[in-house]
Amino acid sequence: MKRIPLGTRFLWMVMLYSSVLTLLFVGVNLYARYQQELRELDDRVSQLRTTTLPALTQSVWDLDQSQTELQLLGITQVPDVVSARLVTTEGVVTSLGQVQLADRHFFFSVNRPPQELAQLDIGVSYQRIYEELWEHAVVLVLTQGIKTFLVSLLIVVLVGRMITRHLESLSSQLGEGQSHFELHRREAVQDELSTLVEALNKLHLERDQQMAALAASKAELDNQHQHLAAEVARQTAVLRQENELAVLMGELAAGLLEQRYDDLDKGLQQALALLGRKLGLESITLFEQILVRAHWPQDASVWPLWSSEPAQKALREGQHYLDEQRQVLALPLKDQGLSRGALMLTGDLGGDWVDNYFNHLHRFTSFIAALLARQQSPQLFTPLGWQRPQANQWQDEIQGRTTLAAMAAQQAQAGGFLTVVLWEFSGPGKLAPDRFAELRSAISHGMPEALFVRLSQRLLMVAVAGPGPQAINTLVSALLSELRELARPLEVHAGGFCLVPANALPYEQLLEMADRALFQARRQTGGLVMETSNA
């Protein structure tokens, strides 16, 4: 589109409207002048009526033709009168001038009362009026047109000087992308242009602030997005690592449960090595009481855990101990209220590391404590007389009370609990004394490895999980079935079981409770009865 300057358009618009107004003014002026000329013409005709008509009447009355013509000639000398015509009642016509040029006729009666003498016709022409009006119109149009053009040009120059050039300057500043606008004027004047410049500067400043805020918001959103993505990736990695750690600990636990007692130390050593590498530790050590049971890596020095009084106090109270300065974490190994030892870890143990792996390590230490307790469990569940070569003070009695007393004293000294299980075996008929001796020999020497060790393992697992009547009942019911299979050709007729996980009782009370359970089972014609106590 062709660019037309604002000044040019303004000039044309001013001239157009000024010309229209000029024409209207000229038209009104000409119309007023025309009406004025008509009134003056009417006045002259009226004067002829008052001045000439009486004399003309006298001339007609006197039948003075020459005087009549002279008077008609005088009438035609009046401006704008082009003809004068007199018609008498007798039909005599006297006419002077050019009747065909008349634009208007005035008729007057010439009479001498009571008799009418003639009829006077005065013809007037508007030719002079039209010519004067045209000349006047030309003069008005020229003068008004020139004045309008000059005034319009002056207005355009003033507007261009005062307004347009500043608008062009502001437009150039906007096109150049300036951040601050100003008017190039000699004097600072507060007017509409200065208000416009202030508004533009304020608007531009607000736009810059909004753009800066938008950029900051976008940067913050990008930063939050990156942070969120990194956090999601980190949490995913942590969850994956925790899942892998849980799977690893489950596999380690399953592998350790399948280890023979003689190979348990080797299995613990391998488990600690795998766990230490997985957790990125410098070393991991398993203490059983005050002795090192397993240590990884084996060539690294062991931190003197037991030389620290705060560590000893925390572990005795069953609490974990964290030395942030030395980056050492010690977790107690507790099972059924007994302290089995501690698990010590060294490395970069920051707050995030402890938050991520503490619960896993806590469950692992509980399992290790239960595993160490299980290693000691065959001593608690050995049948009467099985450890006779190792404890000469135990007496070989059928009731086994002296043996039970020795076992109870030994276990109480070690800080543990005693559980008594009584089983009743019977054959097809009454057992002969030699058959009874054979049965005792089979129970004392042939069954412990296959029967009582399994019994101790299962009782230990239930105790670790939290014993309850339903759990113990299910366990011993399963063991009762296994006893029937392992004791063939003997028949397991009844069983009595006593478990006190909360606190230790005198062996006489335990034996009495187990015997009472066995008696109740016998009265029920076989089966299993469990006796518990919270005393």
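In this rough spin-label picture, where each label sits 7 Å from Cα along the Cβ direction, the Val99-Asp42 distance is 2.6 nm.
Pulled fully out, how much extra length does the chain show between Val292 and Trp12, if you take 0.36 nm times their separation in residues and subtract their Cα-Cα distance? Please list the in-between numbers first.
Numbers: separation 280, 0.36 × 280 = 100.80 nm, distance 10.90 nm.
Once the chain is fully extended between Val292 and Trp12, it gains 89.9 nm.
If R0 is taken as 60 Å, the Cβ-Cβ distance between Arg165 and Ser366 corresponds to a FRET efficiency of 0.10.
In this rough spin-label picture, where each label sits 7 Å from Cα along the Cβ direction, the Leu203-Thr51 distance is 7.6 nm. Under the convention that each Lys and Arg Cβ holds +1 and each Asp and Glu Cβ holds -1, the size of the dipole of region 49-110 around its Cα centre is about 180 debye. If the segment from Asp263 to Val20 were pulled out straight at 0.36 nm per residue, it would be longer than the present Cα-Cα gap by 75.4 nm.
A simple spin-label model places the labels of Leu30 and Glu317 12.0 nm from each other, with each point 7 Å out along Cα-to-Cβ.
Ordered by the number of other Cβ atoms lying within 10 Å of each residue's own Cβ, fewest first, Ser339, Ser171 fall into the sequence Ser171, Ser339. Note on Asn359/Ser179: beta-carbon distance plugged into 1/(1 + (r/R0)^6) with R0 of 51 Å gives a FRET efficiency of 0.30.
Shown for Leu372, Leu196: other C-beta atoms within 10 Å of each C-beta, ranked fewest to most, produce the order Leu196, Leu372.
What ranking, highest mean first, results for peptides 278-286, 157-165 when packing means the other Cβ atoms within 10 Å averaged over each residue?
Sorting 278-286, 157-165 by mean packing, highest first, produces 278-286, 157-165.
Here, each number is a calculation from the coordinates, and none is a lab measurement. Just so it is clear, the model here is predicted, and its values are computed rather than measured. Counting neighbours? That spans all protein chains shown, and the Cβs are built from the backbone with ideal geometry, glycine included.
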